[in-house]
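What follows is a short report on a single structure.
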Amino acid sequence: MMPLLSFWLSHRAELVTLFAQHVLLVALSTLVAAAVGVPLGIFAARRPRFGAPVVAIANIVQTVPSLAMFGFLLPVPLIGGVGARAAGFVLILYGLLPIIRTTIAGLNGIDPAIREAGVAMGMTPRELLWQVELPLALPSIVAGIRVAAVVGVGTATIAAAIGAGGLGEYIYRGLSMVDTTVILAGAIPAAILALVIDGALWWTERRLSARKTRRSRRATAASAAAVIAIVAAVLIGSGVITARSRGAIVVGSKNFTEQVILGELLAQTIERDTGLAVERRLNLGGTLICDRALAAGDIDVYVEYTGTALTAIFHQPINANANTVYATVRELYARSGRTVLPALGYDNTFAILVRGSDARALGLKTIEDAARQAPRWRAGFGYEFLERPDGYPGLAKAYGLQFRAPPSVMDLTLSYRALAGGQVDLIAGDATAGLIKGLDLFRLDDNRHYFPPYDAVPVARAATLLRYPQVRVALERLGGRISAGDMQAMNDAADARHEDVAQIVREFLRARLR
Amino acid sequence: MPDAAIEFRAVSFARPGGAAVLDRFDLRVPPGEVLALVGRSGAGKTTLLKLVNRLLLPDAGAVFVEGRDTRDWAPIRLRRRVGYVLQEVGLFPHMTVEDNIGVVPRLEGWPRDRVAARVGELLELIGLEPRDFAARWPDELSGGQRQRVGVARALAVDPPVLLMDEPFGALDPLTRAELHAEFRRIQDRLRKTVIIVTHDMGEAFALGDRLGVIDEGKLAACDRPSAIVGSTHPAVRRLLDAVTRLP
């Protein structure tokens with residue numbers, strides 16, 4: 001409990017910002033979902049023949065996992081990409097189904113005699129809708145909005161994967177650092193937010209269905225609308241203000257410790273050397289998300305690895321020569337308006353890892369040695385490694401690897417702990433991971449030279465460098481200044497000792513790049 | 001012949017499935033008369049009422065209200081000149097008694113104080129003390145009270161025509177007899193043109209200035225109660241026998 005409180009205290013400004021982003025995202029998307037969903041529900045209830053497909057589509061949308069939905073939307077112009085807009089769009093899609101459904105249920109649940117009485121009294125369809133049908137369906141509609149909002153709070157945490165901000169940022173940060181305190185720092189406020197929204201809308205629902213005179217029902221609806229409007233206005237206002245102070249340069253990173261450190265490193269370097277305001281969009285999903293974000297201009301620079309760019313982004317055959325790979329990648333990036341800056345100085349290749357105790361007991365030195373043990377072993381890999389052309393399929397072919405069961409998919413960072421804990425016997429980690437030393441893991445030698453070089457290189461938008469030449473100068477100064485040992489030490493400080501990333505980077509820059 | 005308030009001329013109507021309900025049906029109701037229409041369940045009594053306020057249109061023939069073909073009436077205007085009381089009453093559960101009765105006046109754009117005055121007047125007419133009942137909710141009323149409010153709501157803008165579909169069917173016999181007397185008292189004051197449909201010959205005798213018997217899509221008989229008692233038409237006899245055979 002104490003570490004959590006002190007984390008909140010030390011990060012209070014950030015906490016408030018993330019919380020506000022979260023509320024804004026959920027509030028706006030739920031409002032839009034209601035504004036679209038209620039009319040759609042009315043339409044669907046009136047004309048079942050056209051309504052049925054609407055509900056079917058909304059149903060299908062609901063079954064798509066949210067992370068997959070963010071992925072689908074990455075290449076879509078206007079609504080897609082990374083950031084709060086794409087996240088809002090996904091939240092709206094998810095919110096539609098419950099709202100459409102409860103609107104239909106509310107309208108269909110009205111006693112036909114009541115509707116007939118209205119028609120027979122000479123109500124126009126519009127009068128019937130506003131004076132009879134909607135008031136009677138309102139508690140049901142509010143119940144749908146309540147579901148949409150509460151689900152939205154949960155989905156919005158996942159939206160941090162595409163850089164939408166919000167409390168999910170702490171959850172992802174905590175996952176990548178394997179730090180429960182940081183996970184809870186985001187998860188607890190999100191849960192409280194969900195409970196508060198649920199309670200407030202439950203109260204509204206109750207008030208609307210309770211016996212109240214028309215006037216006081218109207219007052220309830222009006223006061224609820226006013227509260228929503230004020231909250232939205234305040235949040236939009238603060239959103240606009242923060243948007244205006246958006247940094248000139250946006251730095252991105254993937255979602256594991258080393259990448260977050262490198263993102264912070266680029267950010268501090270640019271701030272220190274150029275005085276430009278820098279916005280950090282760290283902890284974006286995987287390679288693909290960062291690449292799309294850079295291509296779309298949502299971020300200006302992030303650190304990629306040459307081998308990853310070669311195989312995963314550009315789909316080129318594997319090549320073992322570091323200089324050839326660097327040149328090829330630089331050429332390919334240049335064609336799409338992106339500039340590869342000088343390599344930072346270390347090669348973060350995949351490290352095939354086993355427990356130190358196994359390596360010593362069985363005398364394992366190389367991947368070839370391990371391949372002989374593999375039929376008795378289980379393996380665990382991050383999903384990227386399983387899918388990438390330079391990942392598991394090629395590795396298995398190169399070494400004739402065959403495990404007892406198909407490898408399990410797990411979060412890259414968690415796989416180190418799974419190996420140390422004995423749940424799996426072999427993993428593919430990062431060569432620079434701080435946990436290798438911390439958990440007594442042993443790195444097997446790639447004696448058949450399967451893996452291409454993975455030199456860490458900053459990749460920036462050419463347009464940004466043209467506009468701010470001082471940024472190029474600053475980033476070029478980083479060239480060759482980070483050794484594998486430096487990186488491993490920084491990773492270790494963050495992962496094993498839970499030190500603050502900004503502080504780690506500050507100290508590194510002070511000591512090495514004065 | 002004086003203008004009929006409601007007239008059916010050779011009206012035929014079939015349900016969407018094809019079953020004929022009314023077959024060249026003729027009927028004249030003069031202004032200020034209460035016509036009680038009797039028939040078995042499914043004889044087309046409700047259909048007949050819906051043809052009057054244009055909830056339905058005839059397949060052939062024509063229905064005239066105040067001398068004008070219902071096809072030529074704007075449906076909304078027509079329905080606001082024709083009060084309608086359903087068996088299920090259909091009071092709006094989200095509105096108080098006061099608001100239920102005031103629905104049509106509000107739709108007609110009456111100012112608020114005129115609506116309130118009219119609601120008070122109607123509550124007194126139907127024998128419910130406004131101070132006690134105006135602010136009640138429909139589910140706080142007995143079946144008989146609800147039915148009275150239904151009548152008041154139908155009378156709110158003083159329509160010349162009133163349609164009542166089995167209005168007292170769901171009530172216990174004592175309450176029903178009470179409401180029958182109440183209805184006659186109100187009608188003696190208001191002199192509306194009323195069509196009441198019912199499957200109960202006893203109720204028809206209690207309420208109608210004239211009685212009509214619907215049989216196989218036609219009007220088998222339509223006359224003063226005293227004349228109906230002596231009718232020899234087999235369908236009329238069957239309905240009469242059902243009443244007299246009661247213990």
Can you confirm whether the range A:114-137 contains a residue that is within 39 Å of the chain's Cα centre (by Cα), modelled with pLDDT of 90 or more and within 12 Å of another protein chain (Cβ to nearest Cβ)?
yes
Could you check the range B:41-58 and list, in sequence order, the residues that are surrounded by 15 or more Cβ atoms within 10 Å (Cβ to Cβ), in contact (Cβ under 8 Å) with a residue 60 or more places away in the chain and farther than 12 Å from residue B:212 by Cα?
B:43, B:44, B:46, B:48, B:49, B:52, B:53
Can you run down the residue pairs with Cβ atoms below 9 Å, 6 or more apart or on separate chains, where the first is in the range A:311-339 and on the phi > 0 side of the Ramachandran plot and the partner is outside any helix (DSSP H, G or I)?
A:315/A:389; A:337/A:461
Anything in the range A:375-397 that is among the charged types (D, E, K, R) and under 17 Å from residue A:422 (Cα atoms)? List them, or say none.
A:376, A:378
When you scan the range A:147-167, do you find a residue that is surrounded by 19 or more Cβ atoms within 10 Å (Cβ to Cβ) and touching a strand residue (DSSP E or B) at 6+ places or on another chain (Cβ under 8 Å), even just one?
yes
Take the range A:22-74 and flag every residue that is crowded, with 16+ Cβ neighbours inside 10 Å, free of Cβ contacts under 8 Å to residues at least 60 places away in the same chain and more than 26 Å from the chain's Cα centre (by Cα).
A:51, A:54, A:55
For residues that are touching a Ser or Thr at 6+ places or on another chain (Cβ under 6 Å) and on the phi > 0 side of the Ramachandran plot, tally how many sit in the range B:40-60.
1
Quick check on my filter: what residues within the range A:321-356 are of a type in the set (Lys, Arg), outside the structural domain of residue A:420 (by TED's automatic domain parsing) and over 13 Å from residue A:458 (Cβ atoms)?
A:335
Out of (1) over 27 Å from residue A:328 (Cα atoms); (2) surrounded by 14 or more Cβ atoms within 10 Å (Cβ to Cβ); (3) modelled with pLDDT under 90; (4) in contact with a Gly (Cβ under 9 Å, 6 or more places away or on another chain), the odd one out for residue A:452 is which?
(1)
So residue A:465 fits all but one of (1) over 22 Å from residue A:371 (Cα atoms); (2) part of a loop (DSSP other than H, G, I, E, B); what number is the exception?
(2)
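Inspect all residues belonging to the range A:174-184 and state whether any of them is among the β-branched types (Val, Ile, Thr), more than 14 Å from chain B (Cβ to nearest Cβ), within 30 Å of residue A:502 (Cα to Cα) and free of Cβ contacts under 8 Å to residues at least 60 places away in the same chain.
Keep residues of the range A:174-184 that are among the β-branched types (Val, Ile, Thr), which gives A:178, A:180-183.
When the remaining residues are screened for being more than 14 Å from chain B (Cβ to nearest Cβ), the result is A:178, A:180-183.
Those still in the list that are within 30 Å of residue A:502 (Cα to Cα) too: A:178, A:180-183.
Checking the rest, the ones that are also free of Cβ contacts under 8 Å to residues at least 60 places away in the same chain come to A:180, A:183.
Yes, some residue in the range A:174-184 is among the β-branched types (Val, Ile, Thr), more than 14 Å from chain B (Cβ to nearest Cβ), within 30 Å of residue A:502 (Cα to Cα) and free of Cβ contacts under 8 Å to residues at least 60 places away in the same chain.
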Pairs with Cβ under 9 Å, 6+ apart, first in the range A:186-200 and more than 13 Å from residue A:170 (Cβ to Cβ), second surrounded by 15 or more Cβ atoms within 10 Å (Cβ to Cβ) and of a type in the set (Lys, Arg):
A:197/A:146; A:198/A:146; A:200/A:146
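Residues that are modelled with pLDDT of 90 or more and not aromatic (Phe, Trp, Tyr): which helices (runs of 4 or more DSSP H) entirely in the range A:281-367 hold 3 or more of them?
It comes to A:322-335, A:356-362.
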Would a scan of the range A:152-163 turn up a residue that is touching a residue at least 40 places away in the same chain (Cβ under 8 Å), part of a loop (DSSP other than H, G, I, E, B) and farther than 18 Å from residue A:208 by Cα?
yes
Those residues that are of a type outside the set (Phe, Trp, Tyr) and either more than 12 Å from every other protein chain (Cβ to nearest Cβ) or under 16 Å from residue B:116 (Cβ atoms) (or both), I need them from the range B:133-145; list them, please.
B:134, B:135, B:136, B:141, B:142, B:143, B:144, B:145
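The values are calculated or read from the model by the stated rules, or taken from the named source; none is laboratory data. Fair warning: this is a prediction, and the values are worked out from it, not measured in the lab. Virtual Cβ from ideal backbone geometry, glycine too; neighbours counted across all protein chains shown.
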